[in-house]
Ligand SMILES: Cc1cc2nc3c(=O)[nH]c(=O)nc-3n(C[C@H](O)[C@H](O)[C@H](O)COP(=O)(O)OP(=O)(O)OC[C@H]3O[C@@H](n4cnc5c(N)ncnc54)[C@H](O)[C@@H]3O)c2cc1C
């Protein structure tokens, strides 16, 4: 056992830091710091910068253009990106579809789609959930019926994050109603410019447009867009989900959020003294810091094993549950730290160009909104209840 | 002991609840929030006509309520319907005016819906500390002028009259030396209005030598404020309770109707046991509101401890109810269109009014030492 970072790891950290210092655009950094709304252009710009460095697809093996990092290196990179105020990379192509294509896609599909994810030609979204099929995903009904060289797709997907930014969607569709529901699902790639697709916004409770409903009306999809075998999509879908969940430990994100919380608590005054010295508030901050430090180690322990080829099934569920709880606790403390200035809120002030005098401290506006927005975390990527179900089934035998 | 509401209050509760369910659907409420005023003046006039503003005041001021139990009944109904009209600012400022004396005419006009009032007390650096007043009052001859900054003044923009706290002596955090004044809007009163995250009107207010009328005597402010906040805190806890009940009802209904894996999700013990806990906590919340409302006329320490106990529990129970309601709804709970999220926002943001969970925990302990 050795908890210290090795010399190579330390110098890797320095390399990442100098890269971020030099290349993370100040404009984007400021937006992140002030919690402003990111546009698609911001995301595209940051992806391109990372790609140029060869650091966009951190989870990909080097043969496909990944940097070939160890779990510790990935962790360091993630931590440094968050603490520098870099935007999260958009995971749908990079961390969800790509692993599926690498494992189950045809050579042709790999050669075609993977480079386009890296260079930003394709911007993917995830078409799993439907109005009637959330936790019970296998009950999905969007149908794909074979018609010569095409599938004809009809149905509705929902909660599609950044669907309004995407030009491609990977979908779970029903190709058979025989046998168990899991056995009639296929994994289909759909060009969103195809006629018959309509994207409608869903506004979240704090007022943001992040997710969408997507309607499919006789959409013609070439048979070549099927990934793997027909009716085997459930296997690929589950494989994808373990990748999606592993990213939800949120360690780097929570780490940066905790740092920010500490700064706020040091600035906010209670009874003439910094809030961070208030015993009640200090106790709350200390507790979440202890949790996060343990989670960092849990995360690294699990990821180190995953590197060695171990399955990330129930472990990814554990990371997801604990990671979201810790992240949300920090959101909760941040809104508390603001006192009465958690109340004022202006949606316009989230725009980049907004330059009216802020109400209260300049960091206050997005904080309570973020607390509500992040309530999505224990719901998406399989709800925390569903994760607990997986853990008790696979680890406890219930 | 008797925990039943008397006939008058049952009537008050029924009248208001019926009026709101007929006239205050959530889509309408969203519409009011979007207007320049951020509430509906027409609704406010109707509330006045219905006697609901009068229910906040005792008979000696032309009202027909004003007791803890009246506040409880009215605000619970307001919370159940997420009413954005300025009941809370009216109660806060009105209680201070009533207690300070000499403003009977104004109170009558407020009850009639003709004038509107708000309490401008909190300040940018004051957090939740009641005695924190930097704003200062200067006396020239018989007249006072006030200068200073007031933060997150509920209903501050629509109010025709402001009750303002200012120092006539003492250090920034001293209880002594705080006085209350009546200030009418003028060029010397600079108002920046905005909405809160949960949709309620508030404002930052800058006073630049605003002319002011002293209320009560010099230095009488702290005691008056404490009593006004005791009432308003009890009221806002009742409001939160109403919102929690509404969130719970929506969630239970959803658990019965939403099906996954072929069964209503309410069948899953992982959910229904948590909702059973919510039910238990809501009983506790109701009791805490009753304890506070029933002790508003008790000696200071008893009253203030009950109020703090209630607000502390309101913060912890509120968080549990709001978060469980969203979580159990899954994606639906995260949307603007489905109402549960709006209740959750109100419940959580009430933690930021008049002292949060930790503030009242600490205060409860301190008041206990003083007892
Ligand atoms: C902001 C946001 C972004 C999203 N982005 C995407 C996206 O990009 N693509 C996509 O496909 N989907 C996306 N989702 C959808 C997400 O995956 C679903 O919301 C999630 O799977 C839950 O489904 P549901 O909302 O239908 O809730 P339901 O499945 O109806 O669940 C309701 C409640 O019941 C509980 N429950 C259900 N089954 C059980 C059980 N067996 N035992 C115990 N409790 C149970 C759930 O945990 C939840 O608390 C997103 C969701 C949100 C909120």
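The values are calculated or read from the model by the stated rules, or taken from the named source; none is laboratory data. Just so it is clear, the model here is predicted, and its values are computed rather than measured. Heads up, the Cβs are rebuilt from the backbone with ideal geometry, glycines too, and the neighbour counts pull from every protein chain shown.
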Restricting to the range A:370-389, and then to whatever is more than 9 Å from the ligand (Cβ to nearest atom) and under 16 Å from residue B:335 (Cβ atoms), can you tell me which residue is nearest to the chain's Cα centre (by Cα)? A:374
Would you mind stating whether residue A:323 is within 18 Å of the chain's Cα centre (by Cα), surrounded by fewer than 21 Cβ atoms within 10 Å (Cβ to Cβ) and more than 14 Å from every other protein chain (Cβ to nearest Cβ)? no
Scan the range B:225-250 residue by residue and report those that are within 14 Å of chain A (Cβ to nearest Cβ) and either within 16 Å of the ligand (Cβ to nearest atom) or without any contact (Cβ under 8 Å) to a residue 24 or more places away in the chain (or both). B:247, B:250
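Residue by residue, here is whether (1) away from the ligand (no atom under 12 Å from the Cβ); (2) surrounded by 17 or more Cβ atoms within 10 Å (Cβ to Cβ); (3) within 14 Å of another protein chain (Cβ to nearest Cβ) holds:
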position	(1), (2), (3)
A:95	yes, yes, no
A:103	yes, no, no
A:117	yes, yes, no
A:124	no, yes, no
A:135	no, yes, yes
A:139	no, yes, yes
A:146	yes, no, no
Which residue pairs have Cβ atoms under 6 Å apart, sit 6 or more places apart or on different chains, and have a first residue in the range B:262-276 that is more than 8 Å from chain A (Cβ to nearest Cβ) and a second that is more than 10 Å from the ligand (Cβ to nearest atom) and in a helix (DSSP H, G or I)? B:264/B:256; B:266/B:256
Considering the range A:344-357 alone, what residues qualify as being part of a loop (DSSP other than H, G, I, E, B) and closer than 20 Å to residue A:257 by Cβ? A:345
Can you name the strands (runs of 3 or more DSSP E) wholly within the range A:174-264 that have at least 2 residues being surrounded by fewer than 20 Cβ atoms within 10 Å (Cβ to Cβ) and modelled with pLDDT of 95 or more? A:197-203, A:209-222
Quick check, is residue A:345 within 13 Å of chain B (Cβ to nearest Cβ), at pLDDT 95 or above and surrounded by 23 or more Cβ atoms within 10 Å (Cβ to Cβ)? yes
Residues being within 14 Å of chain B (Cβ to nearest Cβ) and touching a residue at least 24 places away in the same chain (Cβ under 8 Å): count how many of those fall in the range A:244-269. 4
Could you say whether any residue in the range B:304-320 is within 16 Å of the ligand (Cβ to nearest atom) and over 16 Å from the mean Cα position of the chain (by Cα)? yes
What number of residues within the range B:116-165 are at positive phi, away from chain A (no Cβ under 14 Å) and part of a strand (DSSP E or B)? 1
Does any residue of the range A:327-343 turn out to be touching a strand residue (DSSP E or B) at 6+ places or on another chain (Cβ under 6 Å), under 30 Å from residue B:353 (Cβ atoms) and part of a loop (DSSP other than H, G, I, E, B)? yes
Which of the numbered conditions does residue A:131 fail, given that it passes all the others? Conditions: (1) within 14 Å of chain B (Cβ to nearest Cβ); (2) closer than 24 Å to residue A:101 by Cα; (3) within 11 Å of the ligand (Cβ to nearest atom). (2)
Test: residue in the range A:153-169 that is more than 16 Å from the ligand (Cβ to nearest atom) and either under 21 Å from the mean Cα position of the chain (by Cα) or more than 17 Å from residue A:104 (Cβ to Cβ) (or both): yes
Would you point out the residue of the range A:204-225, among those that are away from the ligand (no atom under 14 Å from the Cβ) and touching a helix residue (DSSP H, G or I) at 6+ places or on another chain (Cβ under 9 Å), that is nearest to the other protein chains (Cβ to nearest Cβ)? A:225
Could you identify the single residue in A:55, A:82 that is free of Cβ contacts under 8 Å to residues at least 40 places away in the same chain, in contact with a helix residue (DSSP H, G or I) (Cβ under 8 Å, 6 or more places away or on another chain) and surrounded by 17 or more Cβ atoms within 10 Å (Cβ to Cβ)? A:55
Taking the range B:181-198 as the region of interest, how many residues are more than 9 Å from chain A (Cβ to nearest Cβ) and either assigned to a loop (DSSP other than H, G, I, E, B) or over 30 Å from residue A:368 (Cβ atoms) (or both)? 7
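Conditions tested, residue by residue: (1) within 16 Å of the ligand (Cβ to nearest atom); (2) over 18 Å from residue A:252 (Cβ atoms); (3) surrounded by fewer than 23 Cβ atoms within 10 Å (Cβ to Cβ).
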{"position": "A:300", "(1), (2), (3)": "no, no, yes"}
{"position": "A:305", "(1), (2), (3)": "no, yes, yes"}
{"position": "A:316", "(1), (2), (3)": "yes, no, no"}
{"position": "A:337", "(1), (2), (3)": "no, yes, no"}
{"position": "A:356", "(1), (2), (3)": "no, yes, yes"}
{"position": "A:360", "(1), (2), (3)": "no, yes, yes"}
{"position": "A:366", "(1), (2), (3)": "no, yes, yes"}
{"position": "A:392", "(1), (2), (3)": "yes, yes, yes"}
Residue A:361 is checked against (1) at the interface with chain B (Cβ under 8 Å from one of its Cβ atoms); (2) within 22 Å of residue A:267 (Cα to Cα); (3) not in a helix (DSSP H, G or I) and fails just one. What number does that condition carry? (1)
Do we find a residue being more than 8 Å from chain A (Cβ to nearest Cβ) and more than 16 Å from the ligand (Cβ to nearest atom) anywhere in the range B:325-336? no
Are any residues in the range B:87-115 part of a helix (DSSP H, G or I) and surrounded by fewer than 16 Cβ atoms within 10 Å (Cβ to Cβ), and if so, which ones? B:104, B:105
